[in-house]
Each structure stands twice: as C-alpha cells, then as structure tokens.
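Visitor: Take this structure first; my questions come after.
The values are calculated or read from the model by the stated rules, or taken from the named source; none is laboratory data. Remember, it's a predicted structure, so these values are computed and weren't measured experimentally. Glycine gets a Cβ as well: all are built from the backbone with ideal geometry, and neighbour counts include every protein chain shown. These area figures cover heavy atoms from the full protein model, side chains too; ligands, DNA and RNA do not enter into them. Shrake-Rupley method; radii C 1.70, N 1.55, O 1.52, S 1.80 Å.
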Amino acid sequence: MWLEILDSLGVFVFSISGVLTAANKKLDYFGATVIAFFTALGGGTIRDLVLQTKVAWVVDTNLILIALFGAVVGIVFREKLYKFSGTLFFFDAVGLGTFTILGLQKSLNFGTSEIVAVMLGVTTAAFGGVIRDILCNRIPLIFRKEIYAVAALVGGIFYLFLEYFHLPRQIDVFLGVICVIAIRLLSVRYHWAMPVLKSDKQLKDERQEK
Amino acid sequence: MWLEILDSLGVFVFSISGVLTAANKKLDYFGATVIAFFTALGGGTIRDLVLQTKVAWVVDTNLILIALFGAVVGIVFREKLYKFSGTLFFFDAVGLGTFTILGLQKSLNFGTSEIVAVMLGVTTAAFGGVIRDILCNRIPLIFRKEIYAVAALVGGIFYLFLEYFHLPRQIDVFLGVICVIAIRLLSVRYHWAMPVLKSDKQLKDERQEK
Amino acid sequence: MWLEILDSLGVFVFSISGVLTAANKKLDYFGATVIAFFTALGGGTIRDLVLQTKVAWVVDTNLILIALFGAVVGIVFREKLYKFSGTLFFFDAVGLGTFTILGLQKSLNFGTSEIVAVMLGVTTAAFGGVIRDILCNRIPLIFRKEIYAVAALVGGIFYLFLEYFHLPRQIDVFLGVICVIAIRLLSVRYHWAMPVLKSDKQLKDERQEK
C-alpha cells in the first residue's frame with residue numbers, strides 16, 4: 001500500500017536528516033547512526049510508550065533496517081548530499097505528513113480521545129527531531145524556527161475534521177497528508193513563522209524606555 | 001475535593017512557569033506551549049510510564065486543557081506576569097507539595113515499595129521542571145540551586161512517617177503537602193542550599209597550593 | 001552467582017562515574033545523586049520501558065540502594081577518587097560488559113529479535129551515560145569519543161554468535177563479557193576511535209579549495 005511506502009520513505013529521509021545534524025556537531029559514525037535512529041524512530045517510540053503498546057521497531061525489524069540504511073547512506077554520501085537538499089527537504093515534508101496521520105490513526109485505534117490522538121500524531125512526526133536536537137545539545141529547532149510541528153498539528157486537525165464526512169478512509173488519509181505537506185512547503189516558501197516570546201531582558205528594556 | 005483543585009492549580013502554575021522559561025530562550029509560541037505542557041505534565045508522565053499504567057493525561061483530557069490554558073495565559077499575559085511573581089512562586093510551592101503526595105500515593109496504590117513511592121512522588125513534582133530545562137538546553141535548575149526537589153523528598157518521607165500513626169488519610173495528606181510547601185518557602189526565605197561538589201580543576205588547584 | 005555480583009559492581013561504579021561528571025558541572029549533592037542514579041540505572045530503565053516489563057529497580061529495591069551507596073561514596077570520597085581512576089576505569093569496563101550481556105539476555109527472554117536484543121543490550125550498558133550527559137548539558141561522550149558503546153555492540157554480536165555452538169550458557173556469558181571488556185581496554189590503550197563526520201563548514205572549505 002502506498003501509505004506504507006511513504007512511511008518507509010519517511011523513516012529513511014528522517015534518518016538522513018539525523019546524520020546531517022550529527023555531522024555539524026562533529027559526532028563519530030556511531031553517534032551519527034544512533035542519532036539517525038532516534039530521528040527516524042524516536043517520535044513513534046514515545047507514542048507507543050504513551051499508548052502502552054509494543055514499540056513499533058521492536059515488532060517490525062524492517063523499521064530498524066530502513067533507519068540503519070538511511071544512516072549508512074547519510075554517512076557514505078555525506079559530501080554529495082548537499083546537491084539533493086531540495087529533494088531531501090521535500091521528502092522530509094512527505095515523512096512529516098505520513099507520520100502525523102499514521103500516528104494519529106494508531107492512537108485513535110487505541111481508543112484515545114481526539115485531542116490525544118492529534119498530540120500523538122504530532123509527536124510521531126516531530127519528536128524524533130526533538131530527541132535528535134537534545135542529543136546534539138541544542139534547543140529543538142521546531143520550538144524556535146519555521147512552521148514544522150504546527151503543519152503536523154493543522155493537518156491532524158484537518159484529518160479529524162474530514163472524518164465527520166464519512167468519506168472513504170483512503171481519501172481522508174490522502175488529504176490529511178497533503179495538507180501537512182502543503183503547509184510545510186508553503187511556510188518555508190513564504191517564510192511563515194510563529195511569533196517569538198519576548199525575553200525578560202527585552203521586557204525590562206521596554207519598561208525603562210517608557 | 002480540595003486536593004483535586006490544588007492538583008489542577010499545580011498543573012496551571014507549572015504550565016505558566018514553563019512559558020516563562022521558554023521566553024528567556026526566545027522560543028516561539030508553539031515551543032512555549034510544548035514546554036508548558038511538559039513542565040506541567042512531564043513528571044507525572046514519567047511516573048506513569050515507570051508504573052506501567054495509563055498516562056494520566058491520556059485518560060483525563062482535562063489535564064491537557066488546564067495545561068494548555070496555563071500556556072495561553074502565560075503567553076497572553078507574559079508582560080504582566082512579573083507583577084505576580086510572588087503569587088506564582090507561592091502556588092508553584094503548592095503544586096510541588098500536591099504533586100509529591102499525589103504521586104507518592106498513586107505509586108503506593110500500585111504496590112511499590114516505600115522508597116520507590118517517595119522517588120516517584122518527587123519525580124511527579126520535580127521532573128516536569130527537569131524536562132523543561134533539558135528542552136531549553138540548560139542544566140536542570142533543581143540540580144544546582146535552591147532546595148526544590150529536596151523539599152518534595154523530605155515532605156514525602158514525612159508523609160510516610162505519618163502513615164504509621166493511622167490518622168485519617170486526609171490529615172496525613174494535608175500535613176505532607178504543608179511540609180513540602182513550608183520547606184520550600186523557608187529555604188528561599190533563608191537562602192538554604194545544598195553543598196556543591198568541587199570540580200576537578202578546583203581540586204587540582206587545592207593540591208597544588210599545598 | 002558471579003554475574004549478579006558483577007552486575008551490582010557495575011551499578012556501583014556507574015553511579016560513581018555519574019557523581020564525577022556532575023562535579024565538573026558544579027552540581028549540588030542532590031543533583032549529583034540524581035545523575036548517579038540515572039547513570040547507573042537509566043539504561044536498564046529504557047530497556048524495560050521498551051520491553052514493557054516492570055522496571056528493574058521498581059521490583060528490586062537493592063538496585064536503588066547500591067546506586068545510592070555509589071553516590072554517597074562518590075560524594076564523600078570525591079577528593080580521594082582521582083587516585084583510583086585506573087581502578088574505576090577497569091570496573092567501568094566490567095560494568096559495560098556485564099550490563100550488555102544481561103540486557104541482551106533479558107531482551108531475548110522477552111522474545112525480541114536478535115537485532116533488537118543487541119540494541120537493548122547496548123542501551124542497558126551505554127545509555128545511562130547518555131542520560132547523564134544530557135542532564136549535564138553536554139553532547140553524549142559515547143557519540144564523539146572513544147570506543148565505548150561499540151565495544152558493547154561487538155561483544156553483544158559475539159555473544160549471539162557463540163550461542164549457535166550450544167556451549168553451556170555460562171561460557172557464552174563469560175566470553176561475551178570478556179569480549180566487551182577487552183575491546184574497551186584495548187581501544188583506550190591504543191587510542192582506537194571511530195571516524196568523525198565532516199561538518200558543513202569543512203566540506204564547504206574543501207570545495208572552495210578545489
């Protein structure tokens with residue numbers, strides 16, 4: 001089924017993105033591989049722990065192999081990958097969309113409320129990157145730049161909205177994934193960003209100016 | 001019941017404290033909301049994962065809504081909140097005490113030993129803040145400053161001590177919570193602090209002086 | 001049994017290593033104790049959460065007491081421990097080997113695939129240190145220096161290889177543990193290291209030189 005292919009593709013691309021982040025922190029091949037693994041499968045791991053079900057990659061060893069394959073490709077073709085940054089960016093968005101809807105569906109299948117399902121969909125899609133950034137000792141990118149998790153959030157809510165119309169499940173999934181991808185691509189194209197909070201120092205300076 | 005009200009109040013105040021920390025790291029509204037959520041509910045999440053029971057906020061969606069409400073209040077009233085720092089500090093201590101005793105009781109209800117129960121009580125109360133600090137890329141505050149988790153620890157042990165007297169449960173809980181709050185407030189008032197370990201460099205300098 | 005003694009010894013030595021890392025981050029006694037606990041028992045905790053079985057230290061309070069004892073020894077004898085750095089290093093390698101094989105066996109007992117078992121063996125042995133480093137706000141040591149987790153990885157694979165010969169279990173375990181220890185000690189003695197990835201900046205500089 002096409003959704004499984006996209007899911008595998010997402011694991012693969014997320015894994016490469018882990019290697020690329022690790023490279024800029026001067027990690028060795030082992031560190032890069034671990035971070036690739038967490039980037040690709042960490043979000044789903046948190047989801048499964050919260051749902052108290054078997055962790056996906058424990059049951060399905062293929063997920064591990066795809067993540068490892070991504071890590072190897074990332075490491076071996078490190079110097080060539082900058083030429084494919086546009087392609088990688090696009091498939092990262094595809095992975096974001098796929099992970100969101102699949103994570104959301106899995107959560108609903110376990111009988112959670114819709115709000116929890118949306119949260120766990122976003123977690124599946126975006127928290128691998130959060131773990132990657134924590135392991136690389138930087139503030140998670142998705143907390144301070146660009147529309148990333150928010151694209152997953154909006155797409156997840158849109159999917160739940162579609163479910164009320166009782167269309168074939170396939171169409172809901174397709175439109176939900178497309179919605180996430182579209183928001184992600186548009187947000188980068190047009191430099192959309194969430195507002196940033198003012199620091200204590202900024203507020204103090206403002207008060208003194210008055 | 002009054003304990004549930006204090007519990008909700010704790011979630012609310014912890015959530016605001018997450019926003020305030022996030023603000024000084026220049027996070028955007030989404031990042032601040034996620035960190036507010038973890039600060040408020042992360043400690044209890046770890047407790048529930050360790051106890052292998054359903055995560056509290058998956059079962060009780062109200063907890064999510066209260067945490068989100070805290071995040072919204074923190075973001076919207078960001079510039080006014082410095083006037084209420086004393087009030088927030090007090091209710092943070094109330095949350096600390098409530099979370100400790102409730103976490104400890106939940107752990108005992110699952111048949112853990114008393115030492116594990118105290119540890120999970122402290123975890124419930126203090127590890128939301130640890131996750132907050134890790135996500136904000138700083139060494140957790142409670143590991144290096146002020147009596148915070150230690151207040152929870154002492155209060156938790158005091159609660160277990162009280163249980164031997166077979167007083168009505170309500171009185172044990174009340175005194176346990178008060179104990180945590182009192183130690184927390186007194187420690188800040190009188191600048192109590194745990195001793196700090198010497199670094200390798202300090203030790204080396206000392207040896208060279210001899 | 002000798003394996004249990006080595007396991008306890010590993011908890012003890014890992015706990016001390018947590019205190020020593022904490023000391024160089026100017027943590028207080030409480031922070032050092034928490035980090036000692038995570039260093040000693042954090043890897044096994046992740047393994048048990050992934051396997052969805054009761055967390056080891058929740059069932060066996062002795063593990064908590066040994067970790068706390070290690071923390072107390074680390075704090076009290078802080079200034080004397082530099083004399084024993086060689087001894088501590090050796091027993092750290094022993095702990096690494098023991099944790100790997102015990103973690104791997106536990107995983108197999110829960111019916112996981114061999115690849116998952118090796119991963120969880122390495123996790124048991126090496127991820128306490130990863131959590132320690134994250135809590136101390138630095139990039140995990142094992143991702144960027146020395147052969148550490150890789151020794152656990154090779155030893156774990158070697159153990160699985162031995163199992164095909166149907167020798168007595170004791171011999172497999174003994175040789176697996178020895179394998180990890182040997183690789184660890186030799187790697188430090190001969191400065192073996194994994195290759196490090198090039199950063200974007202380095203690659204850019206190289207391209208410009210051409």
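Visitor: Quick one: B:L108 ticks every box in (1) open to solvent by less than 20 Å² (accessible area, probe 1.4 Å); (2) closer than 21 Å to B:A152 by Cβ; (3) aliphatic (A, V, I, L, M) except a single one, so which number is it?
Guide: Here B:L108 clears every test but (1).
Visitor: Name the pairs whose Cβ atoms lie under 6 Å apart, with the first residue in region A:1-29 and within 14 Å of another protein chain (Cβ to nearest Cβ), the second open to solvent by 10 Å² or more (accessible area, probe 1.4 Å) and modelled with pLDDT under 90, and 6 or more positions between them or separate chains?
Guide: Short answer, once both residue conditions are applied: A:A23/C:S199; A:N24/C:S199; A:N24/C:D200; A:L27/C:R144; A:D28/C:R144.
Per-residue answers, yes or no, for (1) away from chain B (no Cβ under 14 Å); (2) more than 24 Å from A:P140 (Cβ to Cβ); (3) in contact (Cβ under 8 Å) with a residue 12 or more places away in the chain:
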| site | (1), (2), (3) |
| --- | --- |
| A:W57 | yes, no, yes |
| A:G70 | yes, no, yes |
| A:F77 | yes, yes, no |
| A:K83 | yes, yes, no |
| A:F91 | yes, no, yes |
| A:G97 | yes, no, yes |
| A:L102 | yes, no, yes |
| A:Q105 | yes, yes, yes |
| A:V116 | no, no, no |
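Visitor: Would you please name the residue that is modelled with the lowest pLDDT, looking only at residues in region C:55-82 that are in a loop (DSSP other than H, G, I, E, B) and more than 16 Å from B:I115 (Cα to Cα)?
Guide: Step by step, filter region C:55-82, then rank; the result is C:E79.
Visitor: Considering region B:170-193 alone, what residues qualify as being within 17 Å of B:S85 (Cα to Cα), touching a residue at least 60 places away in the same chain (Cβ under 8 Å) and away from chain C (no Cβ under 14 Å)?
Guide: B:I181, B:L185, B:V188
Visitor: Turning to a different aspect of this structure: Just the residues that are facing chain C (nearest Cβ under 9 Å) and open to solvent by 50 Å² or more (accessible area, probe 1.4 Å), please, taken from region B:147-158.
Guide: B:L153
Visitor: Then there's this: Looking only at region A:183-192, count how many residues are exposed (fewer than 14 other Cβ atoms within 10 Å of the Cβ) and not aromatic (F, W, Y).
Guide: Matching residues across region A:183-192 total 3.
Visitor: So if I check each of A:F127, A:F143, A:F161, which one is farther than 19 Å from B:K26 by Cα and either under 15 Å from the mean Cα position of the chain (by Cα) or open to solvent by less than 70 Å² (accessible area, probe 1.4 Å) (or both)?
Guide: Result of the check over A:F127, A:F143, A:F161: A:F127.
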